[in-house]
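*Asks:* Attaching a single structure in structure tokens format; questions to follow.
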Amino acid sequence: MVTIEIEYQGELHTQAVHGPSGARLNTDAPVDNGGKGEAFSPTDLVATALGTCMVTIMGIFAARHDLDLRGTRVSVTKEMVQQPVRRIGKLQVDIRLPLPATHPHRNALEKAALTCPVHQSLHPDVLTPIAFHYREQAGTPASPALQPAGIS
């Protein structure tokens with residue numbers, strides 16, 4: 001069990017402290033919700049948690065199979081909805097791996113990402129389309145979309 005201590009600092013700013021490490025994290029409300037947008041918003045942290053969780057779980061799999069995933073990049077685009085209440089409506093995830101699409105562990109890596117606890121904890125009303133992109137192999141024609149394997 002981990003405890004995060006959060007202090008409201010006024011003007012829609014908070015500071016959170018991670019119990020085990022003491023690491024600090026600041027938040028601010030987004031401009032469209034009355035804040036200054038000077039830091040991650042709470043919903044930005046949900047998007048961040050999803051992306052970092054997915055790549056971390058892939059990293060755990062990679063370490064067990066002697067794979068090097070350094071350079072893997074994850075982009076999470078958050079879309080809010082206003083009705084019936086303001087909430088996250090969609091988290092589009094794009095994962096770019098430094099491996100070819102023909103890599104023998106491709107399916108297992110993708111499956112590992114989908115077992116991420118954050119992904120498994122999201123409400124089903126939050127759409128989470130996920131696309132995995134792989135580097136091109138030498139001698140193969142260029143692909144306009146980095147060879148996506150989409151999962152919704």
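What follows draws every value from the coordinates through simple rules; no lab data is involved. Keep in mind that this is a model prediction, so the values were computed, not measured.
*Asks:* Name the aspartates and glutamates eligible as straight-distance cross-link partners of Lys111: C-alpha to C-alpha under 20 Å, and not fewer than 8 places from it in the same chain.
*Replies:* In chain and number order, the partners are Asp66, Asp68, Asp94.
*Asks:* Using only Cα atoms, locate the centre of the range 117-133 and the centre of the range 54-97, then give the distance between them in Å, rounded to an integer.
*Replies:* 8
*Asks:* A further question follows. With the radius of gyration and the Kirkwood radius both derived from the Cα set of the chain, what is their ratio Rg to Rh?
*Replies:* Here the Rg-to-Rh quotient is 1.03.
*Asks:* Output ³J(HN,Hα) for the range 47-63: one whole-Hz value per residue in order, computed from phi by the Karplus curve 6.51 cos²θ - 1.76 cosθ + 1.60 with θ = phi - 60°, and x for Gly and Pro.
*Replies:* 4, 4, 4, 4, x, 5, 5, 4, 6, 5, 5, 5, x, 4, 4, 4, 4
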